[in-house]
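Notes follow once the structure below has been shown.
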Amino acid sequence: MRDRLQTAESVADRDETIDHETVSVPVLVVGAGAAGARAAIALADQGVEPLVIGKSDHGDAHTTWAAGGINAALGSLDPEDDWTVHAADTLDEGHYINDPEAVELTAKHMPDRIRELADWGMPFDRTEDGKINQRYFGAQSFRRTCFVGDRTGEAMLDTLVAKARDMDIPYRDNVMVTRLLTDGERVAGAMGFDMESGEFVLFRSDQVVLAAGGSSALYERHSSREDENNGDGPALALGAGARLMDIEFVQFHPTGMVGARYGEEWDGRLVTEAVRGEGGRLINAEGERFMERYSPDQMELDARDVVARAIAQEIREGRGTDNGGVYLDISHRDDEYIRERLPSMVERFQSLGVDITEEPMEVAPTAHYSMGGVDIDFSTGETGVPGLYAVGETVAGVHGANRLGGNSLAETVAIGKLVGEHVAEQVEDTAPAVTDGQRALAQREFHALAELADSDGEVTARELLADLGDILWEHAGILRDETSLREGLAELDALRARTADLRIDGDRTSRDFEFAVDLSFSLPIAEAMLRGALERTESRGAHYRTDYPETDGDWRRNIVVSEEPTGLNLRTRGVAEPSPEVQDAVDTGYELDYHHLE
Ligand code: MEZ
């Protein structure tokens, strides 16, 4: 396989015209999780009918895996909380390379977005006096995380999908976008295929919103399903001329299920942070509550990067379980309370023969979220490429070097609404026509895809993706250093060479073909991760360099990646300062005192 991100242009014009469907819409939203859904609702509210497309069935997206909650400074239980403290916590745990505008917009808009979701029927847990309940979550100064048991993401997506259906927003499922339609100046739609029929599709639209998730599933051990977070969003944007930012920052969630104990199909799947938010304790194989050594004040509720490194260190130094994890125990809490607050966890572990009200779970860190992504302007979603916008996990900026749990769901709705409203103002043409030039570009892409589908070499994309996962886990994992990152880049080059010998078993409706397209997205993103991590000669948040263990003030910069004719180009850019009111909250130094929980 050639690197398709370069090759569609190099596929010679063919006499033969490949049949395809053409769909022309005013706005195309690629991705049907919470960010795409909220942007689409905002568009429809402004009288614009977008088409939302997704790779799965309607209502089934990665959003459903964000279990434990969504942050908003409502102050239901802690009236001292307000949006400036939410912003300060986000900046502090993002180690100050977040985009302050992105953070402030998210924190400021969230209370309204939560009330709106409640009005639309999201069944938030309530306090006895009817307020929206809020739980502790890692490294947040106050109880700020609103929740629906431990199925918050699922309840939120159900609510947004129901709202979108009420508004008659068109949705098309099981379609995979392989490339954006661009003449090098602006984006004018997208190309791809119907995953059920294999038919090629040209989507013509003057406004394209990418809400296609992140790239954490490139790692061997990750919390996503196989077909989610494969790098589609960032890679599509990069291929169309947009910039990426801070791709080296990957969040390792401290508590993923351990495959050796629960079965490989469960390996890396999320054990929600809500378990620790409700008082869950981490214990090593020697029976020690080891967070006392790493973080005596914040304990299990320190930031995810701190807790993940602590668990990894316990395992590395031989104090892990025989299955390669540590224990997470909530059984000291009342049975009824656990069943009410963590019903999905109780049910999932019960199905595996484990009663978490009586015994601990075995957990270890898992790749969970990409803090890095497309570089956008947050009040508009603009990427710098006319006609192309991005939102949700596809983008970088809100979370900086380390994301607070509960802020990903927050970003989707807070920024999704703003982006949808801005895009609605840009719409000029309800159903734009397809030009000859665009038809020719689409033909090149469809020929390239048809050739890819005919690949008859020796190695499958699934094998290559698995090897890529090992490379990233091994060389750009929780701990990194120069030698290992350079080895990772060399191994990535060797893996790229092996793509020339790709074999696809099955047609364009096969998983094999889908994996081959995923691979074409994964390669440039993996390169950006490794090169960004090599370039950043410091430790900050989730990026921990054992050869540069300190945070370096001079590195309070973002790494911006663009695709040039010579390959990926990396440069750095300074970070803006927060507003005076948020700076005041930062200077006040709010901090969670874990011992409130005991
Ligand atoms: O924001 C998240 O990642 C989240 C809510 C995850 C979880 O542990 O439940």
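The values are calculated or read from the model by the stated rules, or taken from the named source; none is laboratory data. This is a predicted model, so every value here is computed, not measured. Glycine gets a Cβ as well: all are built from the backbone with ideal geometry, and neighbour counts include every protein chain shown. When the accessible area is computed, the model is the full protein with side chains, heavy atoms only, and any ligands, DNA or RNA have been set aside. Shrake-Rupley method; radii C 1.70, N 1.55, O 1.52, S 1.80 Å.
At a glance:
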quantity	calculated
Taking N as its residue count, the alpha carbon Rg of region 98-212 over 2.2 N^0.38 Å	1.44
Protein-only accessible surface order, largest first, of GLU487, GLU264 at 1.4 Å	GLU264, GLU487
Crossing angle, helix 436-453 versus the chain [Cα axis fit, 0-90 degrees, rounded to tens]	70
For region 464-470, Karplus couplings with θ = phi - 60° (6.51, -1.76, 1.60), whole Hz, Gly/Pro x	5, 5, 5, 5, 4, x, 5
Cα gyration tensor shape for region 229-315, rounded if a/c is under 1.5, else prolate or oblate	prolate
Amide H contacts under 5 Å for SER24, placed H, 5+ residues apart	ARG204
Ellipsoid equivalent to region 268-308 - semi-axes via the Cα gyration tensor, in Å	16, 13, 10
q = 0.18, 0.20, 0.25, 0.26 Å⁻¹: log10 I(q)/I(0) that the Debye formula gives for region 469-529, counting C-alpha atoms only	-0.68, -0.79, -1.03, -1.08
Computed accessible area, GLU598, all protein chains, 1.4 angstrom probe, square angstrom	120
Residue-wise HN-Hα coupling along region 336-350, computed from phi with Karplus coefficients 6.51, -1.76, 1.60 (Hz; x: Gly, Pro)	4, 4, 4, 5, 6, 7, 10, x, 5, 5, 4, 5, 4, 5, 4
Percent accessible area from carbon and sulfur atoms, the chain, protein chains only, probe 1.4 Å	43
LYS108 accessible area, 1.4 Å probe, all protein chains in place, Å² to nearest 10	100
Computed P(r) (all Cα pairs; region 440-598; 5 Å bins; percent)	2, 8, 13, 14, 14, 12, 10, 9, 7, 5, 3, 2, 0, 0
Three-way shape label, region 359-517, alpha-carbon gyration tensor, a/c 1.5	oblate
Accessible area in the full protein assembly, largest first, 1.4 Å probe, for LEU479, LEU301	LEU479, LEU301
Pairwise Cα inverse-distance average, inverted: Kirkwood Rh of region 513-590 (Å)	15.3
Debye, to nearest 20: dipole size of region 96-192, +1 on Lys, Arg Cβ, -1 on Asp, Glu Cβ	180
Helix axis angle, 511-535 relative to the chain longest principal axis, alpha carbon, degrees	60
Amide H contacts under 5 Å for THR460, placed H, 5+ residues apart	ARG503
Positive-end extreme of charge dipole, the chain - chosen from TYR171, PRO111, ILE311 (charges on Cβ)	PRO111
With Cα atoms, 0 to 90° folded angle of helix 100-119 axis to the chain main axis	80
Signed unit charges on C-beta, dipole axis of the chain, positive-most listed residue LEU181, GLY36, LEU485	LEU181
Cα-centre dipole for the chain with unit charges at Cβ (Lys and Arg positive, Asp and Glu negative), debye to 20	240
Rounded to the nearest 20 debye, dipole of region 304-417 from Cβ charges on Lys, Arg, Asp, Glu	360
Order of exposure, largest accessible area first, which applies to THR64, THR357 with probe 1.4 Å	THR64, THR357
For region 233-270 versus region 27-93, the gap between their alpha-carbon centres in whole angstrom	19
Calculated from backbone phi, Karplus (6.51, -1.76, 1.60) coupling profile of region 277-284 in Hz, x at Gly/Pro	x, 9, x, x, 10, 9, 10, 8
Per-residue SASA entry for ARG348, accessible area with 1.4 Å probe, Å² rounded to 10	40
Amide H partners (placed H, <5 Å) of SER370, local residues excluded	SER215, SER216, GLN251
Rg/Rh (Cα only; Kirkwood hydrodynamic radius) as it applies to the chain	0.95
